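S.K.: Would you mind keeping the following structure in view while I ask a few things?
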Amino acid sequence: MKIVCAYSGGLDTSCMIPWLRENYGGADIVTYTGDLGQGVDVEAIRSKALRTGASRAFVDDLRERFVGEFIFPALRAGALYEGTYPLHTALGRPLLAQRLVEVAEEVGADAIAHGCTGKGNDQVRFEVAAQCLGPHLKVIAPLREWELVTREMEIDYALARGIELPITKAKPYSIDENIWGCAIECGEMENLWSEPPADVWRMTKDPSAAPKGSTEITISYEAGLPVALDGEVLPPVTLLERLNQLAGDYGIGRMDMVENRVVGLKSREVYEGPAAVVLHMAHRELERIVLDRATSHYKAKIAQDFATLIYDGLWFGPLREALQAFVETTQQHVTGDVRVRLSAGLARITGRRSPFSLYDDGLATYSDGDTFDRTAAVGFLKLYGLSYRTWGHVRRQRGS
Ligand code: ARG
């Protein structure tokens, strides 16, 4: 049997290599590691996989594809799960699953394996994607099967097999990071009343350590996609990295959230996403001036559905394609600039402009040059209020 195993280089997935071999009839293990901008050395991970017993170890830089095919569609849609979470983990899983299936096909594997736990959302995303793209493949989730239920047991298991332990002193947190954000859970944060400890943050500085004063930046969008920062046209990955740095230094993009998981429980997660927060905010602002009222209101509902669908692991399916097509038609004119002022822990919109703006100075002004026909409001209100006038009459007659 040949198994392609998603490999991060951490303790769980390192134990998975010998465990899969021992428990699946001496299976041949191939690992796969995708760089989604999680700030790790994938070459070091590759060589660790080989030292740990993999027969082959694949790594690739998925950042550009991740941003272009997953993050940007979610940004255009305005997808924030339960109104807050920018979905970085949920967007990464389908891409990793897709690559696992592709690698499995390339090496002629029978199964793929992942290191997700049995009570998280990520197993759902991995496995629904795998079922869509590689229905012929078996999916193995060792963490749902094995007896290594505590970290200590995993460490003993690893030591007995000569697996190198992570060099960094283990923090009691579970962290998932990529270019769109970082999620941190466990430890003290399991108590909903506790403030996240100061050492959990990775992408953002403490707002109290932010530079004094503030900075103003201009983000330019073309058809709903960010293309330039302060007038400088940048490739998507560079733009995100720069904005993460810039806004992260001001302590912008921290979220502390209790969310509803797919598997039925509530969990507390702390998120960071400096670029994600600023880009969503500026994008929404531009939409406010270019989308008509009906489309704008309708799109807000689609945004919620799109976010839930991503969260629920339904990326590779017909509904995502249909909703994305809707979103794309709304983005044609979401072109223009947004000014954002960054200060300690806060991003504020200070200006917006677009060649397609529907804001009409003449209609809006309360000063000279007003073109709005206020006499027309009389007839408008006669009809607009008619049903309520009727209701009001009946109510008075009945005395209720
Ligand atoms: N709650 C987030 C989600 O379901 C993040 C999951 C991973 N979190 C973590 N700390 N490892 O998408």
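S.K.: Does Ser220 qualify as being over 20 Å from Ser354 (Cβ atoms), in contact (Cβ under 8 Å) with a residue 60 or more places away in the chain and among the hydroxyl-bearing types (Ser, Thr, Tyr)?
M.R.: Values: over 20 Å from Ser354 (Cβ atoms): no; in contact (Cβ under 8 Å) with a residue 60 or more places away in the chain: yes; among the hydroxyl-bearing types (Ser, Thr, Tyr): yes.
No: the conditions fail for Ser220.
S.K.: Which ones in the range 239-267 are more than 16 Å from the ligand (Cβ to nearest atom) and either within 14 Å of Gly181 (Cβ to Cβ) or surrounded by fewer than 14 Cβ atoms within 10 Å (Cβ to Cβ) (or both)? Spell out how you get there, then give the answer.
M.R.: First pass over the range 239-267, keeping only residues more than 16 Å from the ligand (Cβ to nearest atom): 239-252.
Listed by number, the residues that qualify are Leu240, Glu241, Leu243, Asn244, Gln245, Ala247, Gly248, Ile252.
S.K.: Another question about this same structure. Can you spot a residue in the range 210-225 that is away from the ligand (no atom under 16 Å from the Cβ), modelled with pLDDT of 95 or more and within 16 Å of the chain's Cα centre (by Cα)?
M.R.: Checked against the condition, which is being away from the ligand (no atom under 16 Å from the Cβ), modelled with pLDDT of 95 or more and within 16 Å of the chain's Cα centre (by Cα), the range 210-225 yields at least one hit.
S.K.: Name the single residue that is nearest to Thr150 (Cα to Cα) among those in the range 174-199 being more than 8 Å from the ligand (Cβ to nearest atom), in contact with a Lys or Arg (Cβ under 8 Å, 6 or more places away or on another chain) and aliphatic (A, V, I, L, M).
M.R.: It comes out as Met189.
S.K.: Ala109 passes all but one of (1) more than 16 Å from the ligand (Cβ to nearest atom); (2) part of a helix (DSSP H, G or I); (3) in contact (Cβ under 8 Å) with a residue 60 or more places away in the chain; (4) touching a helix residue (DSSP H, G or I) at 6+ places or on another chain (Cβ under 9 Å); which number fails?
M.R.: Failed condition: (2).
S.K.: Do we have any residue at all in the range 348-361 that's under 22 Å from the mean Cα position of the chain (by Cα), under 30 Å from Arg125 (Cα atoms) and surrounded by 12 or more Cβ atoms within 10 Å (Cβ to Cβ)?
M.R.: no
S.K.: How many residues does the range 112-152 contain that are within 16 Å of the ligand (Cβ to nearest atom), in a loop (DSSP other than H, G, I, E, B) and small (Gly, Ala, Ser)?
M.R.: Qualifying residue count, the range 112-152: 4.
S.K.: Hey, which of the strands (runs of 3 or more DSSP E) in the range 1-85, taking only ones fully inside, have at least 1 residues that are in contact (Cβ under 8 Å) with a residue 60 or more places away in the chain? Please lay out each step first, then the result.
M.R.: On the way: elements: 2-6, 28-35, 56-61.
Counting at least 1 such residues, we get 2-6, 28-35.
The values are calculated or read from the model by the stated rules, or taken from the named source; none is laboratory data. Since this is a predicted model, take the numbers as computed values, not measurements. Don't worry about glycine lacking a Cβ; one is built from the backbone with ideal geometry, like all the others, and counts go over all protein chains shown.
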